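Rule-based calculations on the coordinates, nothing more; no lab input. Computed from a predicted model, the values in this text were never measured in an experiment. Note that each Cβ is placed from the backbone with ideal geometry, even for glycine, and that neighbours are counted across all protein chains shown.
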């Protein structure tokens, strides 16, 4: 994946705002050895009485020397929740919350159950700070493939967690919304259903990431409800959703497609065969719902894309590509 | 000159007694001020589910200066110095101690309330607020009782001691 990373300032702010002084120094010492410094940081994992782990964009993992103490964990939980767990009840119940700037923090701890359902998490023992990065140009290579005449193809981005799906999706949304002048394409009205506030990173409804000038963001809403809502209310030409995987998602996507709206979605997976075996997504793949399926994975520090286009017979065939082919 | 000295001594002694009596009255007033401020905060947290810094900022408008400053110090310290709530709260209680007539009983109630504020779900917060109000109500009853019993004593003591001192001297 190429492009301009603007993550360093965001990581510095993240450290300053949410980490105790000692852990800030720990992280900075660790990233000093990296070529891109803070830019390459993708995740910071903190576990009580365990060392801090940093994961870089190239898949490299760095272990800090010092352990994270209970006091430091309490400090971080207090900072990320603004000392107000009650205000983030839903987020604690789901196990993650989004910070200003779009970074997501995953939480583990003791689950409190009510009638068999998770009510909230207490005694937080692990935090995973996932650094949101706006990589301008991340989707450049895909842009020409997204157009089919004046229509936009339904596209599915697939990768394991941390593979760059959301970053790619965000850039696709931004470019399609603003219009791609290099290809002579106008801007489209895009609706983003951002259930986990990861795509646009909304804080109090305001997107923190650049998602384009013709993009409407429905933040914190379930994908199935959100898709139906935006089709009725906002008349989008494209709908973008992150991490589909339930029956309700599939049903809503099918309804969207019947309404003539193009859909961009992401899902976890590693291969086309895996998608055919997926308990829910196989329906979409077998039915040829997505015209374009893109697999992203890291190889020798770079994101490699495997692109499949729907073939005439209903199956998918791999597309050979090179960035120069698109004249960009 | 002697008359001036006598008036000065009696005046000073009486003023000390009256001041002490006024402090007892102020304690009652300040506890009521705390109760009202925390009722507003409770409503803000319960109905709007705003995070503590935002809730403090919202309810601080229109409050007595001491409470306004107490709340302002908390949310500003949290935002500007990146301090967790429990630490910012502890620091601000010092301000309350210095700038009000509150005694250790109610200050301790406020201090311990700060340790659990925001640390659980909204139902826990409600219980926490109820506990604080109960402790403040108990402190208020104590303060009123103390005021009724001791205010006049301090006033008379001030006057009597100053007169006795004058008589002894002359």
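Is the C-alpha gyration tensor of segment B:18-116 telling us rounded, prolate or oblate? Criteria: a/c under 1.5 is rounded; beyond that, a/b larger than b/c is prolate, otherwise oblate.
On the way: a/c = 2.02, a/b = 1.58, b/c = 1.28.
Because a/c hits 1.5 or more and a/b exceeds b/c, segment B:18-116 counts as prolate.
Please report the relative contact order for chain A, taking Cα pairs under 8 Å with a sequence separation of at least 6, and give it as a percent rounded to a whole number.
15
When a footprinting reagent is the concern and you count Cβ atoms within 10 Å, what order do A:230, A:211 take, fewest first? Intermediate results must be reported in sequence, preceding the final value.
Values: A:230 22, A:211 26.
Ordered by Cβ neighbours within 10 Å, fewest first: A:230, A:211.
Kirkwood hydrodynamic radius, segment A:77-117, all distinct C-alpha pairs: what's the number in Å?
One decimal place: 11.0 Å for the Kirkwood radius.
Does segment A:215-319 classify as rounded, prolate or oblate by the C-alpha gyration tensor (a ≥ b ≥ c root eigenvalues; a/c under 1.5 gives rounded; else a/b over b/c gives prolate, otherwise oblate)?
Values: a/c = 1.85, a/b = 1.50, b/c = 1.23.
Taking the square roots of the gyration eigenvalues as a ≥ b ≥ c, segment A:215-319 is prolate.
Can you give the convex hull volume of the alpha carbon atoms of chain B per residue, in Å³? Please report the intermediate quantities before stating the final value.
On the way: hull volume 21.6 nm³, N = 170.
Spelled out: Cα convex hull of chain B, divided by residues, is 127 Å³.
What would the Debye equation give as log₁₀ I(q)/I(0) for the protein assembly as shown at q = 0.11, 0.14 Å⁻¹, counting only Cα atoms as equal point scatterers?
-0.98, -1.33
Under a crude label model (7 Å from the Cα following the beta-carbon direction), how far is residue B:98 from residue A:268 in nanometres?
That separation, rounded to one decimal, is 5.3 nm.
What is the average number of partner chain Cβ atoms found within 10 Å of a Cβ in B:81-90? Intermediate values should be presented prior to the final figure.
On the way: counts 0, 8, 4, 10, 6, 4, 3, 2, 1, 0.
So the per-residue partner count for this stretch is 4.
Residue B:112 to residue A:122: FRET efficiency via 1/(1 + (r/R0)^6), r the Cβ-Cβ distance, R0 22 Å, to the nearest 0.05?
That gives a FRET efficiency of 0.70.
Grab the Cα-Cα distance for residue A:49 and residue A:32, subtract it from 0.36 nm times how many residues apart they are, and report the gain in nm with one decimal.
Length difference between fully extended and current span is 3.7 nm.
How high is the relative contact order of segment A:175-253, given as a whole-number percent (alpha carbon pairs under 8 Å, six or more residues apart)?
For segment A:175-253, the relative contact order is 33 percent.
Once both axes come from the Cα atoms, what is the angle between helix A:247-258 and the longest principal axis of chain A, in degrees from 0 to 90, rounded to 10?
40
How well do other chains shield peptide A:67-79, expressed as the mean number of their Cβ atoms within 10 Å of each residue Cβ?
Per residue, the number of nearby Cβ atoms from other chains is 2 on average.
Which one of A:107, A:28, A:38 has the biggest mean-square fluctuation once chain A is modelled by GNM with Cα springs under 10 Å?
Of A:107, A:28, A:38, the Gaussian network model singles out A:28 as fluctuating most.
How big is the shadow of the Cα convex hull of segment A:71-205, averaged over all directions, in nm²?
Mean projected area for segment A:71-205: 10.2 nm², to one decimal.
Mean residue ellipticity at 222 nm from the helices of chain B, using -39,500 (n - 2.57) per DSSP H segment of n ≥ 4 over the full residue count, to the nearest 500 deg cm²/dmol?
Value at 222 nm, helices only, nearest 500: -31000 deg cm²/dmol.
Distance between the C-alpha centers of segment A:203-271 and segment A:13-48? Whole Å please.
Using only Cα atoms to place each centre, the spacing works out to 33 Å.
Please state, to two decimals, what the Cα-based radius of gyration of segment B:129-170 comes to when divided by 2.2 N^0.38 Å (N = residues). Spell out each step's value before the answer.
Details: Rg = 17.6 Å, N = 42, 2.2 N^0.38 = 9.1 Å.
Against the empirical 2.2 N^0.38 Å value, I get 1.93 for segment B:129-170.
How do B:22, A:289, A:276 line up, fewest other C-beta atoms within 10 Å first? Each step should come with its number before you reach the end.
On the way: B:22 16, A:289 19, A:276 13.
Neighbour counts put them in this order, fewest first: A:276, B:22, A:289.
Pick out which of A:149, A:163, A:137 has the largest mean-square fluctuation in a Gaussian network model of chain A, springs linking Cα atoms closer than 10 Å.
Most flexible of the set in this elastic network: A:149.
Helix A:70-80 sits at what angle to the longest principal axis of chain A, using alpha carbons and giving 0 to 90 degrees rounded to 10?
With both axes taken from Cα atoms, the answer is about 50 degrees.
Hey, got the average number of other protein chain Cβ atoms within 10 angstrom for residues in B:121-131?
Details: counts 9, 4, 2, 4, 4, 1, 0, 0, 0, 0, 0.
Partner Cβ neighbours, averaged per residue: 2.
Once label points are set 7 Å from the Cα along Cα→Cβ at both residue A:228 and residue A:108, what is their separation, rounded to one decimal in nm?
Distance between the two pseudo-spin positions: 3.6 nm.
Write down the radius of gyration of segment A:1-116 and its Dmax, each obtained from C-alpha positions, in Å.
In Å, with Rg to one decimal and Dmax whole: 15.0, 50.
Can you give the FRET efficiency to the nearest 0.05 for residue A:94 and residue B:23, using r as the Cβ-Cβ distance and R₀ = 60 Å?
About 0.70, to the nearest 0.05.
Give the relative contact order (percent, whole number) for chain B; include only Cα pairs under 8 Å separated by 6+ residues.
Relative contact order comes out at 40 percent.
In deg cm²/dmol and to the nearest 500, what is the mean residue ellipticity at 222 nm of chain A if only DSSP H runs of at least 4 residues count, each as -39500 (n - 2.57), divided by the residue total?
Using -39500 (n - 2.57) per qualifying helix, the result is -8000 deg cm²/dmol.
Considering chain A as a Gaussian network with a 10 Å cut-off on Cα pairs, which listed residue, A:195, A:306, A:148, attains the greatest mean-square fluctuation?
Evaluated over chain A, the most mobile residue of the options is A:148.
Mind sorting B:169, B:63, B:83 by how few other Cβ atoms lie within 10 Å of their own Cβ, fewest first? Please report the intermediate quantities before stating the final value.
On the way: B:169 10, B:63 17, B:83 20.
Fewest to most other Cβ atoms nearby, the residues stand as B:169, B:63, B:83.
Does segment B:76-170 come out rounded, prolate or oblate, given a ≥ b ≥ c as the square roots of the eigenvalues of its C-alpha gyration tensor, rounded meaning a/c under 1.5 and, failing that, prolate meaning a/b above b/c?
oblate
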